[in-house]
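Comments concern the structure below.
Every number here is computed from the coordinates shown, using simple stated rules; none is lab data. Being a predicted model, the structure only gives us computed values, none of them experimental. In this analysis, Cβ positions are derived from the backbone assuming ideal geometry, glycine residues included, and neighbour counts consider all displayed protein chains.
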Amino acid sequence: MDEARENACNDMGKMLQFLLPVATQIQQDVIKAYGFSSDGEGVLKFARLIKSYESQDPEIASMSGKLKALFLPPMTLPPHGAGIGGVAAS
């Protein structure tokens, strides 16, 4: 996982190319032990279930956020007031 993260260099496209397949494989292996199928359908069911619990339990929400941060590069917001092309909207 660390090697995949290093190869991605905080680039979203490379994250999807290198890190996401490794993370998905790990997730499939883990969720299988908890009764989910280890295919794409099982991953989607697991993700939907976690999403529904995020609003009910702050600990689950926190853990979900930490997990997402492992897989996604930090997002930077454009300057406030900037429109398309970096020009302020009027």
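With a point put 7 Å past each Cα toward its Cβ, work out how far K51 is from T24 in nm, to one decimal. The modelled label-to-label distance comes out at 1.6 nm.
Computed from label points 7 Å out along Cα-Cβ, the spacing between M63 and V43 is 2.0 nm.
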